[in-house]
Amino acid sequence: MPDLVSSVFDRGRKCALCGKLNFHLIDAGERFVMERLERLRVRPGMRCLEVSPDAEKIVNWLTERVGLTGAVVATDVSPSRIQGTNGLKFLGSDVASAIPADEFDIIHARLDFLRPANHQMVLSSLMKALRPGGWIQVEACDESSYGPVILAPSCSHRTRASYTKYTEGLQRLLEAAGVDFTWGRDLADSMRQAGLSQISAEPYIEQWRTNSPGVYAQIHNIVHFRERLMAAGVTESELKQARQVMADPEFISSSCLVYSVQGKRPVA
């Protein structure tokens, strides 16, 4: 049985709906992430660090903007999905021990599903990797805030309720695994406590339809955590009905809240 926390971004598991590897959680909201990064004025010559599982699109975006005179370091990213490798270096996923101090102008990190004990440790490590005057942008979800089904006209009210049963079951699994799934709402304060200044926080919520990356991720979870979800009180019938709801051609729901927080390392 796969570990829940480490399997959420498992590259070796294919989505049951689209047949692709499970990149969907990272794909969701990428436009919002890059719009936020635009505000940090990423430009030629900068050194950037990307700390997100399988964030190849963001790595490509950063690489284009820093140009040949800059550099991008990426952790936990598949090199085979990167368009170009000029100035690009790959590291493993052990951020705390792998990255140098006072090295980067811009750091971006997607830190979902951290256990509470790791919050300040990871943020402190990332802040040390920033050059004085450098900026960091971090995203984290509030997994307690999934919206109900807004529209699924082919399904009965009882069937639509199964989708909520599934999301509640997933929340129970994450909580039992030691994940602080409400950490996103505390992220800005955590970054301030880590010593960052000029904090900017922006919540984001996405409309999900049948072909949305977020829906693909939910189907993936239903398939690969089926036994654990059932042990958490979601029946097999409810899981099937949740998939049926998401397959409705007119399905609309909302993602959980994602908090994107930026902060600057003080110069002195």
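Using the Cβ-Cβ distance between E30 and M230 with R0 set to 30 Å, the FRET efficiency from 1/(1 + (r/R0)^6) comes to roughly 0.40. Solvent exposure of segment 95-199, expressed per residue, is 42 Å² of accessible area, with all protein chains present and a 1.4 angstrom probe. On full extension, the segment bounded by H157 and N118 gains 10.0 nm, given 0.36 nm per residue less the C-alpha separation.
Protection proxy ranking, highest mean first, for peptides 140-149, 173-182, 37-46: 140-149, 173-182, 37-46, where packing is the per-residue count of other beta-carbon atoms within 10 Å, averaged. Residues within the reach of a label modelled at Q198 (point 7 angstrom out along Cα to beta-carbon, backbone nitrogen below 11 Å), restricted to segment 225-268, are 263-267.
The values are calculated or read from the model by the stated rules, or taken from the named source; none is laboratory data. Owing to the predicted nature of the structure, the values given are computational and were not obtained by experimental measurement. Every residue, glycine as well, gets a Cβ built from its backbone with ideal geometry; the counts of neighbours run over all protein chains shown. Calculation scope for accessible area: heavy atoms of the full protein, side chains included, ligands and nucleic acids excluded. Shrake-Rupley method; radii C 1.70, N 1.55, O 1.52, S 1.80 Å.
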